[in-house]
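K.L.:
Right, I'll just put the structure down here and ask away after.
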Amino acid sequence: QRLPIPLAFATSGLTIPNNVSFDMQQFIESSMDRLKQAGCRSVGLITNMSLEHEDGKHTPFHTYFVEAAAERGMEIKNTWIQSPPQHFLSPGKFERFGYDSFHAIWNQPKRPEGLIAYPDVIVRGVIMGLTE
């Protein structure tokens, strides 16, 4: 910060000055709008982010997902929401988590018509599951 050069970061993981963060609420709403336009009436979620704080309260990301689904009249089920128990997975486990989470949803008797996966590294595992 003391150097006389411009500096900026594009990440949601850092709480530092000059940080361009992702708007998670907009991400969820835009994703659901697109699924709704495609005719989806139900939606699932796979994410590497824990959806509950240590005190058991929901994180904003989970709240955005639930509220956006309700506003659009889209069905969600707890079993269609896959997230790790700890706050974040280690980076080497993202793809495997996406893969296993996709199968956990796909193997259910009733499946969502749409699926939101975040972040993009999780999507690699989801796509591998889809191709099978």
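The values are calculated or read from the model by the stated rules, or taken from the named source; none is laboratory data. Keep in mind the model is a prediction, meaning the values are calculated, not measured. Cβ sites come from the backbone with ideal geometry, for glycine too, and all protein chains shown count toward neighbours. These area figures cover heavy atoms from the full protein model, side chains too; ligands, DNA and RNA do not enter into them. Shrake-Rupley method; radii C 1.70, N 1.55, O 1.52, S 1.80 Å.
K.L.:
Does segment 32-54 hold any residues that are at pLDDT 95 or above and of a type in the set (S, T, N, Q), and which are they?
P.N.:
Result: Q37, S42.
K.L.:
Now a separate question. Does W80 satisfy the criteria of being modelled with pLDDT of 95 or more, aromatic (F, W, Y) and open to solvent by 40 Å² or more (accessible area, probe 1.4 Å)?
P.N.:
Here the answer is no, as W80 does not meet what is asked.
K.L.:
Let me ask something else. I'd like to know if segment 82-94 contains one or more residues that are touching a helix residue (DSSP H, G or I) at 6+ places or on another chain (Cβ under 7 Å), farther than 30 Å from P6 by Cα and either part of a helix (DSSP H, G or I) or of a type in the set (F, W, Y) (or both). Walk me through it before giving the result.
P.N.:
Keep residues of segment 82-94 that are touching a helix residue (DSSP H, G or I) at 6+ places or on another chain (Cβ under 7 Å), which gives 82, 84, 89, 94.
Narrowing the set further to residues that are farther than 30 Å from P6 by Cα leaves 82, 84, 89, 94.
Next, only the ones that are either part of a helix (DSSP H, G or I) or of a type in the set (F, W, Y) (or both) stay: 94.
Yes, there is a match, as at least one residue in segment 82-94 is touching a helix residue (DSSP H, G or I) at 6+ places or on another chain (Cβ under 7 Å), farther than 30 Å from P6 by Cα and either part of a helix (DSSP H, G or I) or of a type in the set (F, W, Y) (or both).
K.L.:
Among the residues of segment 102-124, which ones are part of a helix (DSSP H, G or I) and modelled with pLDDT of 95 or more?
P.N.:
F102, H103, A104, I105, W106 - these are the residues of segment 102-124 that are part of a helix (DSSP H, G or I) and modelled with pLDDT of 95 or more.
K.L.:
Next up: Enumerate the pairs (first residue in segment 99-124 and open to solvent by 90 Å² or more (accessible area, probe 1.4 Å); second residue anywhere and assigned to a helix (DSSP H, G or I) and β-branched (V, I, T)) with beta-carbon separation below 8 Å, excluding pairs fewer than 6 apart on the same chain, so at least 6 apart or on different chains.
P.N.:
Listed by first residue and then by second, the contacts come to R111/I105.
K.L.:
Same structure, new question: Being in a helix (DSSP H, G or I), open to solvent by 30 Å² or more (accessible area, probe 1.4 Å) and in contact with a Gly (Cβ under 9 Å, 6 or more places away or on another chain) is the filter here; which residues of segment 32-62 pass it?
P.N.:
Of segment 32-62, the ones in a helix (DSSP H, G or I) are 32-37, 60-62.
Imposing the further condition that a residue be open to solvent by 30 Å² or more (accessible area, probe 1.4 Å) reduces the set to 33-37, 60.
If the condition is that a residue be in a helix (DSSP H, G or I), open to solvent by 30 Å² or more (accessible area, probe 1.4 Å) and in contact with a Gly (Cβ under 9 Å, 6 or more places away or on another chain), then R34, L35, K36 are the ones that fit.
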